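The values are calculated or read from the model by the stated rules, or taken from the named source; none is laboratory data. None of the values given here were measured: they were computed from a predicted structure. Every residue, glycine among them, receives a Cβ derived from its backbone with ideal geometry; neighbour counts consider all protein chains shown.
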């Protein structure tokens, strides 16, 4: 089992995900994209598999601080949205959990305790 959890260390939702993975005795690697950044291929893969609406956090302050022009561009063009996510990693919904469990690929976005239980037990 190889799991990477992507996010920002200080996020309260991330803390819930860390606690849940620890409670389930799941080994994972943490990738702090605030400190380590994130590559375009990863963000593109997440958007392709999960959809932009799932990956892009429009409820956070970073999104609200964007100009109307930036928001409209992101809504109109997925490539512009991905570029914005790369520039503003805080707009990526957290956590992103990616890897392999029991020979199956896993890609989760956001924390849902029931979903974590179903995938990891």
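Among the residues here, residue 5 qualifies as within 13 Å of the chain's Cα centre (by Cα) and in a strand (DSSP E or B). Meeting the requirement of 3 or more residues that are more than 12 Å from the chain's Cα centre (by Cα), the strands (runs of 3 or more DSSP E) wholly within segment 16-121 are 96-101, 104-109. Screening residue 80 against (1) out of contact with any strand residue (DSSP E or B) (no Cβ under 9 Å at 6 or more places or on another chain); (2) modelled with pLDDT under 95 leaves a single unmet condition, (2).
Among the numbered conditions (1) more than 19 Å from residue 115 (Cβ to Cβ); (2) modelled with pLDDT under 95; (3) surrounded by 14 or more Cβ atoms within 10 Å (Cβ to Cβ), the only one that residue 43 does not meet is (2).
Screening residue 57 against (1) surrounded by 12 or more Cβ atoms within 10 Å (Cβ to Cβ); (2) more than 19 Å from residue 75 (Cβ to Cβ); (3) touching a strand residue (DSSP E or B) at 6+ places or on another chain (Cβ under 8 Å) leaves a single unmet condition, (2).
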